[in-house]
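Let me begin by presenting the structure, written as structure tokens, before commenting on it.
What follows is calculated from the coordinates using simple rules that are stated; it is not laboratory data. All values reported here derive from a predicted model rather than from experimental measurement. Neighbour counts are summed over all protein chains in view; Cβ atoms, including those assigned to glycine, are modelled from backbone coordinates with ideal geometry.
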Amino acid sequence: ETWDFANIESLEEYRELLRTIEPTVKSEVNPQDLLRALNDYIIQADREEIVKLTENKGPIAGAEKLVNCLLRSDNEGWPKAFGMALQDANYGNVFELWDIKRGNAEQSSEQCKQNEQDEDDSAFNMIQYSEEPENDGLCLSSSDPTVFPTGADTSSVDISGLSFDLMNRFELRSYQEELAQPALMGKNTIICAPTGSGKTIVSLKICEHHLKSQPEGQKGKILFLATKVPVYEQQKNVFKRYFENSGYTVTGISGETQGSAPSSMIFEHNDIIVLTPQILVNNLEEGCITSLSMFTLLIFDECH
């Protein structure tokens, strides 16, 4: 086989651009939409792995594998095929960044570097609320009393006995909506607010939105980490009550319950799992959890 090293070297320009726009590709492209057009440039084993990753771990994992395959390819036709695939699949925004043949390489590179910088700067969005919570904001704190909206029937309800119907009537207050907004947009978020400001109800709404907004054919799986056993018990009960009769399953794993069923089955067959960090570490070390990527959302109570 004769190698044209000049052509291979010319691919570096495209590889550099692909590395630059990779964050946009991973966030916006479902790789399965491109595979047919790239059959001649990605071997079958890699195509099958991309499909498997996309189905099991989501399009971001699949897109990352797709990018890696293209970066390794020495076939000089892949850049044009990649651009045509983006066009045919209606990924116009990504195609515009890729269209270096119109003299936009420098502009595209700068734009993507800025996008990448913005992504790095917002790796964790700190959302802080420092005003004292009003009395009619929902409080789900282990140290403060539960406060319900005016007019709610609280005669026989405590923090561990909240009913789904009662909690489902709550609408987030304006500051709670602001606290939740970055997470609802899929961004990593740290919420900093006083005790009694309703951070738990914010997390419930974030979880509900996350589960309901999964793409067709995909399923969300949430891991909630509570630092102490009493907090674990409380949050497990609150989540169970909230999602009761919703079609989503909630369970918890503690030292007392861990041996009642194989942990791998518990993780596989539930939508929301509440546990303490030590239980998570134990299951990672024992291989019951092979990777945290099996979860689509992680929530840390008291993340500091």
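Measuring from label point to label point, each 7 Å out along Cα→Cβ, what is the GLU286 to GLU216 span in nm?
In this crude label model, GLU286 to GLU216 measures out at 4.0 nm.
If R₀ is 35 angstrom, what is the calculated FRET efficiency for the pair ASP74 and SER293, using the beta carbon separation as r and rounding to 0.05? It would help to have the intermediate numbers written out before the result.
Working: r = 30 Å, r/R0 = 0.85.
Given R0 = 35 Å and the Cβ-Cβ separation, E is 0.75.
So what does log10 I(q)/I(0) come out to for segment 168-259 at q = 0.15, 0.24 Å⁻¹, using the Debye formula with one equal point on every Cα and no solvent?
Ignoring solvent entirely, the Cα scatterers give -0.66, -1.47.
Take the Cα atoms of segment 206-301, build their convex hull, and give its volume per residue in Å³. Provide the component values of the computation, followed by the final result.
On the way: hull volume 9.3 nm³, N = 96.
It is 97 Å³ per residue.
Grab the other residues whose beta carbon is less than 10 angstrom from that of ASP301, score K and R as +1, D and E as -1, and report the net. Before the final figure, lay out each step's value.
Values: positive: LYS199, LYS228; negative: GLU302.
Here the count lands on +1.
Taking the Cα centre of segment 172-213 as origin, work out the dipole magnitude from +1 charges on Lys and Arg Cβ and -1 charges on Asp and Glu Cβ, in debye rounded to 20. Intermediate values should be presented prior to the final figure.
Details: 5 positive and 3 negative charges, 11 e Å.
My answer is approximately 60 debye.
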